[in-house]
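Worksheet: one structure, shown below.
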Amino acid sequence: MPANIDQIIKKSQEACSLAGVKLTNKRKNVLTILLESTIPLSAYEIAEKYRFHFNEALPVMSVYRMLDFLIHERLVHKLETAGQYMSCEHITCDHQHETPQFLICDQCGSVKEIGIKKHIMNELALSIQNTGFKLTHQQLELHGVCEHCQKLV
């Protein structure tokens, strides 16, 4: 869980304002739920946690729209293979981000976001292009066992 959620929310609001969009209270609340979670969540889990934390029902379709907004603003990532969402670990960074790569623990469900260097992604894209395949999305999700779970064995 991020150390200072209030600081991350403030930075997110500033980034949205600079982009000419608004981080509404409900969007902010969805982002907060993801920031507080130690594992990625489905839209249904987010809707359930929203109802519990904010004492207000939020339709799942609304959650999906808010998640689409948060993804577009680069505040949230979608794990394609699991259909789950997580907050970006680099919201408060001021540098250019690398292509995200997600290390997913198959035992506890935790996810670690790391960046892939641009030159590596360029080489991979070129290699893929040489096969005649057109790459439309550059996100890698790698499964394994995290350091914590390895110690439990």
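All of the numbers you see were taken from the coordinates with simple rules; none came from a lab. Keep in mind the model is a prediction, meaning the values are calculated, not measured. Positions of Cβ are generated from backbone atoms using ideal geometry, with glycine treated the same way; all protein chains shown enter the neighbour counts.
Tabulated data for the structure shown
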quantity	calculated
Total lysine pairs whose alpha carbons fall under 15 Å of each other in the range 1-109 (8 or more apart, or interchain)	7
Over the chain: helical MRE at 222 nm, DSSP H runs n ≥ 4 each giving -39500 (n - 2.57), nearest 500	-14000 deg cm²/dmol
Counted charge near LEU23, where neighbours are those whose Cβ lies closer than 15 Å (Asp, Glu -1; Lys, Arg +1)	+4
The chain: antiparallel DSSP beta bridges as a percent of all, rounded to 5	70
Local electrostatic count, THR136, Cβ distance below 15 Å [Lys/Arg +1, Asp/Glu -1]	+1
Helix axis angle, 60-72 relative to the chain longest principal axis, alpha carbon, degrees	50
The range 1-91 - percent relative contact order, Cα under 8 Å, separation 6 or more	29
Length-normalised contact order of the range 16-153 in % [C-alpha pairs under 8 Å, at least 6 apart]	19
Debye, to nearest 20: dipole size of the range 1-131, +1 on Lys, Arg Cβ, -1 on Asp, Glu Cβ	340
For the range 30-153, alpha-carbon Rg over 2.2 N^0.38 Å	1.19
